[in-house]
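The values are calculated or read from the model by the stated rules, or taken from the named source; none is laboratory data. The structure presented is a predicted model; accordingly, all values stated were derived computationally and were not measured. Cβ atoms come from the backbone with ideal geometry, glycine included; neighbour counts cover every protein chain shown. Ligands, DNA and RNA are stripped out before the accessible areas are found, and what is left, the full protein with its side chains, is counted by its heavy atoms. Shrake-Rupley method; radii C 1.70, N 1.55, O 1.52, S 1.80 Å.
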Amino acid sequence: MNTLLVLAIVVAVLLLLVVTRERRRANDLRRGGFTIVRGRRQGVVFTVDHGRRELDLTALAWLLWRYRHHLAPLYCGLLLWLAGLTAYHGLDRTPAVSLIAGCALACSGWAWLRLNRGIERAYAVIVLAEAAGWLVTAHVLGPTDPNVVRLLVIGALIAAVPWWAHRRVRSQVRVERAIAAWPTVAESVGLAGSKLVNVVVSTWGWTGRLVLKGGQTIRDVHKVLRGIESGLRLPIGSVRAEPWHDRADVVVVRVVESDPHALPVVWPATEATTVAARLPIGLYDDGQICDLPLYDADTGTHHALVAGTNGSGKSGLLNLAAAHAASAPDAVLWGIDLKGGIELRPWSPVGDWLATTGEQAAAMLTVLRRIIDARGQAATQRVWQANGDHPVIVVLIDEAAELPRTATDDLDSIARRGRALGVQLTLATQYPTADAVGSTQVRAQLRTRAGFRFQRSTEAAAVLSRASGIDPATIRKNRPGCCYIEAAGAERPALVRCYWITDEHVAGVAQVHQDSQPVLDPVSVLAAGPEYAQRHRGRQQHRDHGGRHRKLDNVEAQRALRAALIATDDQGSTVEELCASCDRRKSWIYRQLETLDAESLVERTGRHGRYRATQALIEQGDSP
């Protein structure tokens, strides 16, 4: 029984330390002007009665609950001892051993399915095996035997060390400190009277609800986010605020400690069973999936605007939309790529029409307007019902600002009437002025918005609502593919990192679905006329020995890239020119340039966005 006495002394010392800490915190808050009321706690501080020194049972129970994560190993040890005592006095040996083994196996299976990290699974299985072994020993020798109790105490302390060092427990401790400091932080940033409640620790950090004082809204919180980060000693940009859907005086505060956007998120290669399925584009900063609508049978198509500065990741979102349309059995993919086809040409095996020049783009939009006229005259329902015989036409337009002015009227008509007649538009541009997207009427019809990084905060006003309080100009430059989304069913003002879809993904989708693409309905084909029959499909520039078109493999593309860099003049070549020379997309070109730059084989010229070979590459030649 000496071991039990030692254990009781340890628990008493821990509780004494906790009580002393809480009394000191309460006294500090009193001196700072905060009111301490008996029987309840304001913020997170347990209450005492006007300086009385005794601690009531309510406060003690609250302390035991508050520090449950710290004391969990002791609680489990106590429960295990009680279970051993019950089994010793209530069960015979054979049923007891069978019950213990069955429970241990069941709990091990549950932990194996519940936990997703190997180290956590191993810890759970080892602890359960130790607990089962101790229960069997206690049933044989008795749970009050000094050696058995000593074994339990030693085992609990050994198991407690990894528990206390675990990241989730440490995160919980940081959260409790943040909650305790909130009254002081709130007063310093101008949110005095607010309360931080319902805090939950997640994989990426923690989330809680901030109940504001009457008259305060989420706009007041957005103004002081940097001050909150300073008060809670958090990294810049780690605190995010979102509106609570039920009340204007409640804000969801999200603290991201482990950023899921730190590394590219590889596309999970999801395929669309129908164009009406929502398009998953990436992950929010809390790990939740963000998806967008392209079409639904009740309201029609959803036009989209994708905007951001050069290199911010707009083309990646276009490729995700192309993959969605290519795999859907009730969608036809059309593309306008006014960068010579470097982004959308890889989709040519599954694309129905690709325009790479201004003249081709104007012809496509004219045909599309005629198709809308014909579909409207033949329609028997108010919204186009997509199926394999009557597909939705998904039109992706990259660099919309380069569209010829003569196409503005057609684009305006398509944006206004295409929603109900099975035509979906997605426009990508660097700066979405009225001229860049055709007109203000066109921009007003693009209800789904994706705002990537901008150079200035004022540029984002043309894309995203000011009421959301988000600013794409604050997106880090080393986060390509990150954006803010405004769309039906995706109204959260939270940062999203789009999936990274590689050239191998594009080639795989094109190969799988190139023989299963639907064709336009007869009404649309008849309205399209000879321009559609003579349409350009974006064929590759390289041919095999039989004269057939083929794509360069990686070694050939690397040689072509080096040859293009060597052959360029002192002005250098743009990324678009390098893409055309080696039949690859910009993402591949950027990775190759980064590798060559690390080996001092390529350099930037004085002009922005141009590259040329160094003397080392010229001497090395085009062999990779």
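Whole Å is fine, so just give me how far the alpha carbon centre of region 562-624 lies from that of region 370-418.
39
Taking the DSSP beta bridges in region 267-362 as the whole, what percent of them are antiparallel, to the nearest 5?
Around 65 percent antiparallel, to the nearest 5.
Using a 1.4 Å probe on the protein heavy atoms, what percent of the accessible area of region 393-433 belongs to carbon and sulfur?
Result for region 393-433: 47 percent of the exposed heavy-atom area is carbon or sulfur.
Near Ser573, within a Cβ-to-Cβ distance under 10 Å, what is the net charge of the other residues, with Lys and Arg +1 and Asp and Glu -1?
So the environment of Ser573 carries a net charge of -1.
Label points 7 Å out from Cα along the Cβ direction at Ile289 and Thr595: separation in nm?
3.2
For Ile236, what charge total do you get from the other residues with a beta carbon under 11 Å from its beta carbon, if Lys and Arg give +1 and Asp and Glu give -1?
On the way: positive: Arg226, Arg476; negative: Glu229.
Net charge in that neighbourhood comes out at +1.
Taking 0.36 nm per intervening residue step and subtracting the Cα-Cα distance, what contour gain separates Ile154 from Val523 on full extension?
Additional length available on full extension: 124.8 nm.
Separation between the Thr406 and Arg447 pseudo-spin-labels, each 7 Å from Cα along Cα→Cβ, expressed in nm?
Between Thr406 and Arg447, the label points sit 3.4 nm apart.
Using 0.36 nm per residue, how much length does the chain from Leu78 to Asn387 gain when fully extended, once their Cα-Cα distance is taken away?
Gain in length upon complete extension: 104.9 nm.
Quick check: with the 1.4 Å probe, what order do Lys195, Lys223 take by accessible area, largest first?
My answer, sorted largest first, is Lys223, Lys195.
How much net charge surrounds Asp398 when only the other residues with a Cβ under 10 Å from the Cβ of Asp398 are counted, with Lys and Arg +1 and Asp and Glu -1?
-2
If you take the square roots of the eigenvalues of the alpha-carbon gyration tensor of region 567-609 and sort them as a ≥ b ≥ c, do you get rounded (a/c under 1.5), prolate (a/b over b/c) or oblate?
Oblate is the answer for region 567-609, as a/c is 1.5 or above yet b/c matches or exceeds a/b.
For region 212-336, with all protein chains present and a 1.4 Å probe, just round the carbon and sulfur fraction of the accessible area to a whole percent.
The nonpolar share, carbon plus sulfur, comes to 56 percent.
Sequence gap at least 6, Cα distance under 8 Å: using those rules, report the relative contact order of region 172-327 to the nearest whole percent.
Once normalised by length, the contact order is 16 percent.
So, in nm, how far is label Ser230 from label Ser202 when the simple model puts each one 7 Å beyond its Cα toward the Cβ?
Going from the Ser230 label point to the Ser202 one covers 2.7 nm.
Per residue, how much accessible area does region 117-254 have with a 1.4 Å probe, in Å²?
Values: 7130 Å² over 138 residues.
Ligands and nucleic acids excluded, the figure is 52 Å² per residue.
Can you list the residues, at least 5 places off or on another chain, whose amide H is less than 5 Å from the amide H of Tyr295, using H built in the peptide plane?
His302
Would you kindly derive the ³J(HN,Hα) couplings of region 310-325 from the backbone phi angles with the Karplus curve 6.51 cos²θ - 1.76 cosθ + 1.60 (θ = phi - 60°), listing them in order in whole Hz, with x for Gly and Pro?
Rounded to whole hertz, the list is 4, x, 7, x, 4, 5, x, 5, 4, 5, 5, 5, 5, 5, 5, 5.
Apply 1/(1 + (r/R0)^6) to the Cβ-Cβ distance of Arg247 and Lys223, taking R0 = 25 Å, and write down the FRET efficiency to the nearest 0.05.
According to the calculation, E is roughly 0.80.
Under a 5 Å amide H to amide H cut-off, with H placed in plane at 1.01 Å, what residues pair with Cys290 once short-range neighbours are removed?
Excluding prolines and chain starts, which carry no amide H, the hits are Ile281, Gly282, Leu283, Tyr284.
Work out, step by step, the length gained on full extension between Leu263 and Asp298: first 0.36 nm times the residue separation, then minus their alpha carbon distance; give nm to one decimal.
Full extension from Leu263 to Asp298 adds 8.8 nm.
What's the magnitude of the charge dipole for region 125-240 around its Cα centre, counting Lys and Arg as +1 and Asp and Glu as -1 at the beta-carbon? Answer in Debye, nearest 20. It would help to have the intermediate numbers written out before the result.
Numbers: 14 positive and 6 negative charges, 126 e Å.
My answer is approximately 600 debye.
Can you run phi through the Karplus equation (6.51, -1.76, 1.60; θ = phi - 60°) for region 526-531 and list ³J(HN,Hα) in whole Hz, with x for Gly and Pro?
5, 6, 5, x, x, 4
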